[in-house]
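Contents: one structure, followed by commentary.
The values are calculated or read from the model by the stated rules, or taken from the named source; none is laboratory data. Keep in mind that this is a model prediction, so the values were computed, not measured. Cβ sites come from the backbone with ideal geometry, for glycine too, and all protein chains shown count toward neighbours. Quick note on the areas: whole protein, heavy atoms, side chains included, nothing else; ligands and nucleic acids left out. Shrake-Rupley method; radii C 1.70, N 1.55, O 1.52, S 1.80 Å.
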Amino acid sequence: MNQDLAKLEASFNQLVAALLAELKSDEHLTLSLTGEQSQFVRFNHAKVRQTGIVTDCRVHLTLMSDQRTAYYDFPLTGTWETDWQQARSSLEELRQELPQLPIDPYLVLPTGNANSREVHTGQLLNPADVAATILAPVSELDFTGIYAGGLLLRGYADSLGQKHWFATDSFSLDYSIFTESGQALKGTFAGSHWDAEAYTAKLADAKVQLDRLSQPPKPIAKGQYRTYLAPAAIAEIVAYLCWSTLSEASMQQGNSALRLLQLGEKQLSPMFTLRENFESGLVPRFNELGEVAPLTLPVIESGQLVNTLINSRTAKEYGKIANGANSDEFLRSPEVAPGTLDPTDILKTLNTGLYLSNLHYLNWSDRTTARITGMTRYACFWVENGEIVAPIENLRFDESLYRCFGENLVALTHTQEFVPNVETYGYRSLGGTWVPGMVVDDFTYTL
């Protein structure tokens, strides 16, 4: 793998040098590389249903001139003759298209002299051992899921000479286990080093929940209940929160659900802190212009909005200072700070209410008041006097973030879980979210 990685990096560097030599004095370009060498194994009924290896690498070439911009994507094969022919023809095609495109008044050209190189070597399962290792502890269960593991790459170079290279080994296992009646619990297991002991502990916890889930479900009337949101449920909310809500452009255009927080008309709980944190090294810090984000950036500190995400384009348009945000201005490595609640005291603190393992189908029901709606999902339970009584039938909730992350927030666990980003649309995603569990009062269920 190291030889393949070195060869690919050399091919990218050779391509960059050759394209820069072709560039005219009034032209600027950036190249972004996205690549992976991944093993995928899909499971169904605790058996291998499908397996394969994906080796893929693509280059995104952007040409800028005369206040216009155009881009072209093409595969990087590692064979010089093929790659150079493709890159050169792509550059010529962009030159033909560029004069026909409209002027972009907020076009940002690459600036700075940043360079970086990070290579994180993990300890993944041997590809030949993946199926046996994962399936051995679940052979008696109705287990389904997908394992994805291997090398992920991101690269960047531009006409100013900036260059970044990021490579990391990682894996994720996204799984569900079903009861005989068809009820399911869901889990994820991820990282850069396979930890057999942690995997065993994860499954032991799942088997306990599976027994509880096998009981008849208890219907719950609509209303407001004290609720525990497990880390996977919090990660769903944070992921939804990332989309445009914390973007400075969205704030300026009045589209952000947290606009009232920025205006000081609303506030969140002093216990709630959200930051961008790249310290785990799972996600590169550079963006599409080669700018490097700070290692950590507080966004909401003790309930107060202290930073929005600002890219250079937004900074130019609204007279702000950029802070290394990407083109979409969403969190790439979010973290919710832990609290003080010992996880062994979750049920006691909840006392009587609902224990939610996961959520799905989230959407805004009223963006101006940060109100979201969605459904409970997988292993969710009714709790009485600090004891789990029964699983529940699925419920729809409708709640404002200003309430559940604000005045109704009771406690956060003092531990965090890493909930990986398991999306594989186009290519395997990087990173995930670090979140604690959370107890909130009067969470609103409408159906």
*Go through the residues of region 271-289 one by one and say whether even a single one is touching a residue at least 12 places away in the same chain (Cβ under 8 Å), hydroxyl-bearing (Ser, Thr, Tyr) and farther than 18 Å from Phe405 by Cα.*
yes
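Picking from Leu124, Leu135, which residue would you name as being out of contact with any Gly (no Cβ under 6 Å at 6 or more places or on another chain) and surrounded by 15 or more Cβ atoms within 10 Å (Cβ to Cβ)? Break it down into steps so the answer makes sense when it comes.
On the way: Leu124 fails: out of contact with any Gly (no Cβ under 6 Å at 6 or more places or on another chain).
From the options Leu124, Leu135, the qualifying one is Leu135.
Gly319 - would you say it is at pLDDT 95 or above, out of contact with any helix residue (DSSP H, G or I) (no Cβ under 9 Å at 6 or more places or on another chain), farther than 18 Å from Asn421 by Cβ and crowded, with 20+ Cβ neighbours inside 10 Å? Can you show your working first?
Numbers: at pLDDT 95 or above: yes; out of contact with any helix residue (DSSP H, G or I) (no Cβ under 9 Å at 6 or more places or on another chain): yes; farther than 18 Å from Asn421 by Cβ: yes; crowded, with 20+ Cβ neighbours inside 10 Å: no.
No: the conditions fail for Gly319.
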_What's the total number of residues in region 27-39 that are open to solvent by 40 Å² or more (accessible area, probe 1.4 Å) and either modelled with pLDDT under 95 or more than 30 Å from Asp66 (Cβ to Cβ) (or both)?_
1
*Do the conditions hold for Leu185, that is, is it open to solvent by less than 60 Å² (accessible area, probe 1.4 Å), in a strand (DSSP E or B) and within 30 Å of Pro217 (Cα to Cα)?*
yes
_Residue pairs, Cβ under 8 Å, 6 or more apart or interchain, first in region 330-359 and on the phi > 0 side of the Ramachandran plot, second modelled with pLDDT of 95 or more and among the polar types (S, T, N, Q). List them._
Asn351/Asn385; Gly353/Thr227
*Just one of (1) touching a strand residue (DSSP E or B) at 6+ places or on another chain (Cβ under 8 Å); (2) over 22 Å from Ala184 (Cα atoms) trips up Ser244, so point out which.*
(1)
_Consider region 46-63. How many of its residues are farther than 16 Å from Val16 by Cβ and of a type outside the set (Val, Ile, Thr)?_
6
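Taking Gln253, is it in contact (Cβ under 8 Å) with a residue 24 or more places away in the chain and either within 30 Å of Leu409 (Cα to Cα) or open to solvent by less than 10 Å² (accessible area, probe 1.4 Å) (or both)?
Against the criterion (in contact (Cβ under 8 Å) with a residue 24 or more places away in the chain and either within 30 Å of Leu409 (Cα to Cα) or open to solvent by less than 10 Å² (accessible area, probe 1.4 Å) (or both)), Gln253 does not qualify.
Output yes when any residue across region 154-162 is hydrophobic (A, V, I, L, M, F, W, C) and at pLDDT 95 or above, and no when none is.
Initial filter on region 154-162 (hydrophobic (A, V, I, L, M, F, W, C)): 157, 160.
Those still in the list that are at pLDDT 95 or above too: 157.
Yes; the residues of region 154-162 include at least one that is hydrophobic (A, V, I, L, M, F, W, C) and at pLDDT 95 or above.
State all residues of region 347-370 that are more than 17 Å from Val439 (Cβ to Cβ), part of a strand (DSSP E or B) and open to solvent by less than 70 Å² (accessible area, probe 1.4 Å); if no residue qualifies, say none.
Within region 347-370, the subset more than 17 Å from Val439 (Cβ to Cβ) is 360-370.
The next check asks that each one be part of a strand (DSSP E or B); those that pass are 360-366.
Across region 347-370, the qualifying residues are His360, Leu362, Trp364, Ser365, Asp366.
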_Restricting to region 138-182, give me the number of residues that are open to solvent by 30 Å² or more (accessible area, probe 1.4 Å) and not in a strand (DSSP E or B)._
9
*From the residues in region 219-250 that are part of a loop (DSSP other than H, G, I, E, B) and in contact with a Ser or Thr (Cβ under 7 Å, 6 or more places away or on another chain), which one is most open to solvent (accessible area, probe 1.4 Å)?*
Lys222
